[in-house]
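Chemist: Encoded as structure tokens, here's the structure I'll be asking about.
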Amino acid sequence: MDKFIFRLISCVLFVFMASPALLAQDEAELSDTLVAKMNLYGLKDQSPVLFIHFDKNIYTNNEEIWFTGYLISSDINKVKEHHILSVSLISDDDNKIATQANFIMDGGLSFGSMYIPDSVAAGNYHLAAYTDRLVNGKPQAFFKQAITVKTTNPPAFNLSLNLIDSAQTPPGKISTLLTAKSKELPLIEAPVKYRMSNTRRGAVLATAKTGVTGEHILTLDKGQVSEASHVLRADVGDGKLKESIRIALPVRKAKATIRFYPEGGNLVTGKASNIGWEAKGAKGEPLSIKGIVLKNGKPVDTISTDSYGMGVFKLAPQKGAGYQVKVSRAGVIDTVCALPKALAQGLVLQVVDALSPDSITIKLQSTRQQLVKILLHNYREVFASREEEIYPEGLVAKFAVADLPRGLTMITVLDSIERPYAERVFFAHYDKRSVLKVKTDQKEYDTRQKVKLNIKLGNAAGIPLSGYVSVACVQDNRMSYKLTNNIESYYYLTSQLQNIPLKDNLMGDETTDREYLNKLLLIKGWSRYTWPEMMKAQMADTIQQYQNLAYNGDVTFSNKPLKKPIDLSAIADTLAQIVHTDSSGHFKMNERSMVTPADKKMILFINGKAKTAPYAIHINNPFEAFTQKLADTLTFNNDVMPASGGSNEDLVMALPNKIKQLKEVQIKAVKSNQFFASLPRFTVDDDLGKNECGDWVCFNNILNCGNHPFGNNRFQPLKKGDVVKVFRGGQYVNIVYRGCILRKEKEYTSMLRLKGIYAHKEFYVVDYDKEKDAPPDYQSTIFWKYQVPLSSSAETNLTFFTNDIAGPFKIVVQGLTDEDVVYGEQTFNVKRKLP
């Protein structure tokens with residue numbers, strides 16, 4: 001991907017400043033100090049942007065997560081400093097890590113997959129990813145993706161949690177009724193732990209046991225419930241026999257958070273301004289709310305925010321008048337908020353359309369005649385500057401944007417001595433996106449029918465481009481727009497503007513999409529950087545401490561440090577390398593010597609020494625501790641709230657004709673009543689179907705199949721001489737399995753088996769034209785392919801098959817071109833094939 005080097009635009013936003021200025025014909029003369037400060041500020045943060053394309057955002061346990069990681073930067077040499085991608089599945093409830101793995105990264109690209117084990121409870125999670133490159137002790141590149149994990153297994157027992165009618169509750173109290181049943185019979189004496197889901201590490205609120213009816217009533221003071229802490233979680237059971245349920249408790253009315261953003265920075269007496277305003281609830285959720293503009297206490301206008309919590313209105317403040325907005329909404333305390341006080345002297349800046357394709361039109365109004373400087377920049381580089389004489393009657397000017405890079409750009413107006421008057425952000429070349437045409441040969445298919453996919457890439461002018469993309473085709477109900485990220489909107493907006501309201505098709509072309517973005521840039525364009533901060537930049541700010549997380553360890557002899565170097569052998573897959581220690585026995589691992597197939601371990605042992613010698617190898621995987629530390633600091637804002645009542649079956653996903661699992665269930669106790677202590681306890685033999693090497697085949701006879709992970713629809717263990725399929729030379733071929741070459745040996749401290757850094761594995765595409773008798777397949781991801789090359793000289797054609805799932809499917813294609821990032825999608829329907 002060396003070809004993908006384009007200018008990285010970093011939006012720089014601002015604090016409340018002053019009034020605007022305009023554009024002229026003559027280049028403004030900027031002081032050396034200003035140019036130097038901007039250069040220093042630009043050097044302060046040159047981090048690449050990390051984006052991960054996951055195949056979907058709604059999973060079930062026993063499924064594989066497929067992904068491609070893209071590290072995007074204008075400097076390919078900086079990209080090459082990142083060697084490992086660490087990916088973790090972290091629970092939103094308690095920040096615990098459910099599973100974690102490391103993957104090799106090369107040239108800014110990383111591919112892989114992660115299995116969600118059956119032990120992962122259904123609920124809300126985040127996939128957090130970062131690279132091994134640290135800056136001042138923090139990941140230089142970080143990305144997180146919200147997902148939902150559902151379960152295909154019926155709950156061990158059924159729970160319901162509902163509010164008790166307030167008429168039956170003591171004053172000042174809130175009561176909930178928990179009901180637990182097993183096979184429609186009450187579950188008696190089941191242990192219960194209550195906690196507020198948002199409390200760090202889930203501090204226990206109360207403990208109890210269900211009664212003879214299988215019920216328990218919890219009563220709380222209303223003062224214990226607030227907007228910031230109002231989701232009650234009940235954990236019923238213990239150990240492996242445990243179920244959970246959540247409920248949103250009613251809260252007292254709270255004030256909405258209202259903020260006003262005069263365009264350009266300030267209101268000016270006698271000058272009409274656009275004012276963006278934003279309404280949020282106590283948890284930061286956007287509010288659709290109505291308001292009345294008051295002038296000296298009297299109504300003069302009515303305003304409102306949309307479903308994204310954003311609105312815009314006009315106001316020309318009069319001298320001596322005070323302005324307020326009274327807001328009202330069901331469930332929110334009526335609030336009166338003062339508007340910013342208008343300046344007696346100043347400038348008003350207005351941008352006609354922040355998404356204008358060829359030029360940016362600016363309107364300036366001033367209370368007096370004055371000379372200003374107008375800059376178009378990104379706080380790293382000045383793209384254009386002009387001096388302009390502004391008069392009280394106002395001025396309209398246009399700036400051509402042809403030479404500007406695509407992305408967010410800042411307009412800053414300075415006075416004659418380079419003090420900021422006003423700022424405004426706009427999106428240069430919004431319409432000049434790369435065009436990714438994704439087309440299927442049909443709109444509807446039968447089950448097990450071939451799909452022919454055509455992909456064509458070009459720029460906005462229609463000129464063909466080349467690039468690399470990843471392609472996913474998944475069941476449509478596995479994609480929630482509330483959880484969706486795409487590489488274009490993330491790179492240009494989400495990674496630069498903070499807390500963007502959720503919206504499907506964030507960078508769409510419809511009128512409503514453009515209206516949304518114009519409001520967004522007016523309001524969120526204030527949120528990050530400031531001119532005063534830039535002017536404080538010092539050379540010392542550009543000095544960063546870089547380091548790469550690296551596996552390391554020590555060899556000891558009789559629990560003491562060595563006195564001279566020793567050699568170790570590292571065997572990962574088929575690669576063997578020598579690792580040298582220093583004289584004390586300390587060593588560092590090269591990540592290339594640790595690359596193994598997914599879910600396989602590598603071996604590290606001491607050369608030339610007897611196995612029984614008292615040597616010991618101690619390995620330090622720094623990613624384990626660092627990931628836990630990172631998880632502890634993350635805050636997850638989940639926009640999908642639980643209902644005010646429901647059951648623990650809400651997160652159960654029914655699969656059509658679900659294939660029976662081959663797990664062996666061992667019943668340890670069976671009794672006729674439903675006391676919790678007497679419920680059947682079982683253990684699952686997770687190694688059933690695996691041989692000593694951990695090898696197995698799926699029902700398509702593929703060795704260690706990635707589509708059908710171990711534990712899900714597998715056959716019996718492999719035997720020496722079995723014919724199996726493996727991926728070689730871009731296709732699956734038959735080979736004779738040579739058997740497991742590992743021998744059971746006594747464990748010695750001089751030999752260590754450890755989890756390696758994983759390479760990617762291939763997604764198997766079943767060819768139903770050839771495998772007509774293949775068993776039923778209900779995988780929700782029916783196609784995944786990483787690093788698909790797109791040529792400027794020809795269209796790209798891919799083929800795959802539908803499986804046994806009927807209904808709508810979505811194809812998502814995203815990646816990098818020679819010039820930009822690119823995203824496209826297509827949908828089709830599958831109908832059940834008639835006999």
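The values are calculated or read from the model by the stated rules, or taken from the named source; none is laboratory data. Quick caveat: nothing in here was measured; it's all calculated off a predicted structure. With ideal geometry, Cβ positions are generated from the backbone for all residues, glycine too; neighbour counts draw on all protein chains shown. To get the accessible areas, we keep the full protein, side chains included, count just its heavy atoms, and leave off ligands, DNA and RNA. Shrake-Rupley method; radii C 1.70, N 1.55, O 1.52, S 1.80 Å.
Chemist: Among the residues in the range 464-487, are any among the charged types (D, E, K, R) and crowded, with 19+ Cβ neighbours inside 10 Å?
Modeler: Restricting attention to the range 464-487, the residues satisfying the condition of being among the charged types (D, E, K, R) are 476, 478, 482.
Now narrow it down to the ones that are crowded, with 19+ Cβ neighbours inside 10 Å: 478.
Within the range 464-487 (the criterion being among the charged types (D, E, K, R) and crowded, with 19+ Cβ neighbours inside 10 Å), the answer is yes, since at least one residue qualifies.
Chemist: Quick one: which residue in Ile72, Ile76, Ile84, Ile97 is under 25 Å from Val812 (Cα atoms) and among the hydrophobic types (A, V, I, L, M, F, W, C)?
Modeler: Numbers: Ile76 fails: under 25 Å from Val812 (Cα atoms); Ile84 fails: under 25 Å from Val812 (Cα atoms); Ile97 fails: under 25 Å from Val812 (Cα atoms).
That would be Ile72, the only listed residue that is under 25 Å from Val812 (Cα atoms) and among the hydrophobic types (A, V, I, L, M, F, W, C).
Chemist: Inside the range 268-285, can you point out the residues that are closer than 19 Å to Thr302 by Cα and either of a type outside the set (Phe, Trp, Tyr) or at pLDDT below 90 (or both)?
Modeler: As a first pass, look at the range 268-285 and keep what is closer than 19 Å to Thr302 by Cα: 272-280.
Listed by number, the residues that qualify are Ala272, Ser273, Asn274, Ile275, Gly276, Glu278, Ala279, Lys280.
Chemist: What is the number of the single condition among (1) farther than 21 Å from Phe783 by Cβ; (2) in contact with a helix residue (DSSP H, G or I) (Cβ under 8 Å, 6 or more places away or on another chain); (3) open to solvent by 10 Å² or more (accessible area, probe 1.4 Å) that Ile76 does not meet?
Modeler: Just one mismatch for Ile76, condition (2).
Chemist: What number goes with the only condition from (1) surrounded by fewer than 16 Cβ atoms within 10 Å (Cβ to Cβ); (2) among the aliphatic types (A, V, I, L, M); (3) more than 22 Å from Ala228 (Cα to Cα) that Ile333 does not pass?
Modeler: For Ile333, the exception is condition (3).
Chemist: Could you check the range 757-781 and list, in sequence order, the residues that are part of a loop (DSSP other than H, G, I, E, B), touching a residue at least 60 places away in the same chain (Cβ under 8 Å) and within 30 Å of Ile571 (Cα to Cα)?
Modeler: Matches in the range 757-781: Ala759, His760, Lys761, Phe763, Tyr764.
Chemist: Specify the residue that is nearest to the chain's Cα centre (by Cα); the eligible residues are those in the range 501-513 that are under 24 Å from Gly815 (Cα atoms) and surrounded by fewer than 17 Cβ atoms within 10 Å (Cβ to Cβ).
Modeler: Step by step, filter the range 501-513, then rank; the result is Leu502.
Chemist: Further question on the same structure: If you go through the range 123-137, how many residues are modelled with pLDDT of 95 or more, open to solvent by 10 Å² or more (accessible area, probe 1.4 Å) and over 11 Å from Asn95 (Cα atoms)?
Modeler: The number of residues fulfilling the criteria is 1.
Chemist: Further, regarding this structure: Among the residues of the range 235-284, how many are out of contact with any Pro (no Cβ under 6 Å at 6 or more places or on another chain) and among the hydroxyl-bearing types (Ser, Thr, Tyr)?
Modeler: So the answer is 3.
Chemist: If you don't mind, there's one more thing I want to ask. Within the range 763-792, take every residue that is among the small types (Gly, Ala, Ser) and within 24 Å of Tyr70 (Cβ to Cβ) and give me the one that is nearest to the chain's Cα centre (by Cα). Before the answer, list the steps.
Modeler: Residues of the range 763-792 that are among the small types (Gly, Ala, Ser), as a first pass: 774, 780, 791-792.
Those left that are additionally within 24 Å of Tyr70 (Cβ to Cβ): 780, 791-792.
Details: Ser780: 20, Ser791: 29, Ser792: 31 Å.
Ranking the candidates gives Ser780 first.
Chemist: Here is a follow-up. Would you say Ile374 is over 21 Å from Gly270 (Cα atoms) and either of a type in the set (S, T, N, Q) or at pLDDT below 90 (or both)? Outline the logic, then answer.
Modeler: Working: over 21 Å from Gly270 (Cα atoms): yes; either of a type in the set (S, T, N, Q) or at pLDDT below 90 (or both): no.
No.
Chemist: Let me ask something else. When you go through (1) surrounded by 20 or more Cβ atoms within 10 Å (Cβ to Cβ); (2) at pLDDT below 95 one by one for Phe587, which number turns out not to apply?
Modeler: (2)
Chemist: Return yes when Gln365 is polar (S, T, N, Q), out of contact with any Asp or Glu (no Cβ under 8 Å at 6 or more places or on another chain) and at pLDDT 95 or above and no when it is not. First the steps, then the outcome.
Modeler: Working: polar (S, T, N, Q): yes; out of contact with any Asp or Glu (no Cβ under 8 Å at 6 or more places or on another chain): yes; at pLDDT 95 or above: no.
No: the conditions fail for Gln365.
Chemist: Can you name the condition, by its number, that Ser19 falls short on among (1) small (Gly, Ala, Ser); (2) more than 30 Å from Lys363 (Cα to Cα); (3) modelled with pLDDT under 75?
Modeler: Just one mismatch for Ser19, condition (2).
Chemist: Given (1) buried (at least 19 other Cβ atoms within 10 Å of the Cβ); (2) within 36 Å of the chain's Cα centre (by Cα); (3) in a loop (DSSP other than H, G, I, E, B), where does Ala279 come up short, assuming only one miss?
Modeler: (3)
Chemist: Give me a count of the residues in the range 227-252 that are in contact with a Gly (Cβ under 9 Å, 6 or more places away or on another chain) and either more than 13 Å from Ile174 (Cα to Cα) or open to solvent by less than 10 Å² (accessible area, probe 1.4 Å) (or both).
Modeler: Matching residues across the range 227-252 total 8.
Chemist: Mind listing whichever residues of the range 491-511 are under 15 Å from Arg406 (Cβ atoms) and either of a type in the set (A, V, I, L, M) or in a helix (DSSP H, G or I) (or both)?
Modeler: Tyr491, Tyr492, Leu493, Met507
Chemist: Does any residue in the range 286-298 that is surrounded by fewer than 18 Cβ atoms within 10 Å (Cβ to Cβ) come within less than 8 Å, Cβ to Cβ, of a residue that is of a type in the set (Asp, Glu) and not in a loop (DSSP other than H, G, I, E, B) six or more places away or on a different chain, and which pairs are these?
Modeler: Between residues of the range 286-298 that are surrounded by fewer than 18 Cβ atoms within 10 Å (Cβ to Cβ) and residues that are of a type in the set (Asp, Glu) and not in a loop (DSSP other than H, G, I, E, B), the close pairs are Ile292/Asp301.
Chemist: Across the range 716-757, which residue is modelled with the lowest pLDDT among those that are among the hydrophobic types (A, V, I, L, M, F, W, C) and surrounded by 15 or more Cβ atoms within 10 Å (Cβ to Cβ)?
Modeler: Phe727
Chemist: Any residue in the range 604-623 that's under 17 Å from Tyr551 (Cα atoms): show its pairings with residues that are assigned to a loop (DSSP other than H, G, I, E, B) and open to solvent by 40 Å² or more (accessible area, probe 1.4 Å) at Cβ separation under 6 Å, as long as the two are six or more apart or on different chains.
Modeler: Ala616/Thr749
Chemist: Out of the strands (runs of 3 or more DSSP E) lying entirely within the range 381-439, which hold 3 or more residues that are open to solvent by less than 10 Å² (accessible area, probe 1.4 Å) and within 26 Å of Leu497 (Cβ to Cβ)? Break it down stepwise before answering.
Modeler: Working: elements: 382-390, 395-400, 407-414, 420-428.
Those strands (runs of 3 or more DSSP E) span 407-414, 420-428.
Chemist: On to the next question. With respect to Lys193, is the statement that it is under 29 Å from Met653 (Cα atoms), open to solvent by 70 Å² or more (accessible area, probe 1.4 Å) and either in contact with a Ser or Thr (Cβ under 8 Å, 6 or more places away or on another chain) or not in a loop (DSSP other than H, G, I, E, B) (or both) true? First the steps, then the outcome.
Modeler: On the way: under 29 Å from Met653 (Cα atoms): yes; open to solvent by 70 Å² or more (accessible area, probe 1.4 Å): yes; either in contact with a Ser or Thr (Cβ under 8 Å, 6 or more places away or on another chain) or not in a loop (DSSP other than H, G, I, E, B) (or both): yes.
Spelling it out, Lys193 is indeed under 29 Å from Met653 (Cα atoms), open to solvent by 70 Å² or more (accessible area, probe 1.4 Å) and either in contact with a Ser or Thr (Cβ under 8 Å, 6 or more places away or on another chain) or not in a loop (DSSP other than H, G, I, E, B) (or both).
Chemist: Run down Lys326, Lys319 and say which single residue is outside any strand (DSSP E or B) and among the basic types (Lys, Arg). Spell out how you get there, then give the answer.
Modeler: Details: Lys326 fails: outside any strand (DSSP E or B).
Residue meeting the stated conditions: Lys319.
Chemist: Still on this model: Picking from Val251, Val300, which residue would you name as being modelled with pLDDT of 95 or more and out of contact with any helix residue (DSSP H, G or I) (no Cβ under 6 Å at 6 or more places or on another chain)?
Modeler: Details: Val251 fails: modelled with pLDDT of 95 or more.
Sole residue among the options that is modelled with pLDDT of 95 or more and out of contact with any helix residue (DSSP H, G or I) (no Cβ under 6 Å at 6 or more places or on another chain): Val300.
Chemist: Take the residues of the range 512-542 that are part of a loop (DSSP other than H, G, I, E, B) and modelled with pLDDT of 65 or more: which is farthest from Leu493 (Cα to Cα)?
Modeler: Within the range 512-542, the subset part of a loop (DSSP other than H, G, I, E, B) is 525-530, 536-538.
Retained after the next criterion (residues that are modelled with pLDDT of 65 or more): 525, 536-538.
Values: Gly525: 10, Lys536: 26, Ala537: 25, Gln538: 28 Å.
So the residue we want is Gln538.
Chemist: Restricted to the range 196-206, and to residues that are part of a loop (DSSP other than H, G, I, E, B) and farther than 20 Å from Gly239 by Cα, which residue is modelled with the lowest pLDDT? Please lay out each step first, then the result.
Modeler: Just the residues of the range 196-206 that are part of a loop (DSSP other than H, G, I, E, B), to begin with: 197-199, 203.
Remaining after also requiring farther than 20 Å from Gly239 by Cα: 198-199.
Working: Asn198: 59, Thr199: 50.
The extreme case among them is Thr199.
Chemist: Can you tell me which condition Arg368 does not meet? The list is (1) basic (Lys, Arg); (2) within 24 Å of Leu520 (Cα to Cα); (3) in a loop (DSSP other than H, G, I, E, B), and all the others hold.
Modeler: For Arg368, the exception is condition (2).
Chemist: Restricted to the range 549-579, and to residues that are in a strand (DSSP E or B) and of a type in the set (D, E, K, R), which residue is most open to solvent (accessible area, probe 1.4 Å)? Step through it out loud before you land on a result.
Modeler: Just the residues of the range 549-579 that are in a strand (DSSP E or B), to begin with: 552-557, 560-561, 567-572, 575-579.
Adding the requirement that they be of a type in the set (D, E, K, R) leaves 554, 560, 567.
On the way: Asp554: 61, Lys560: 132, Asp567: 64 Å².
Checking each candidate, the answer is Lys560.
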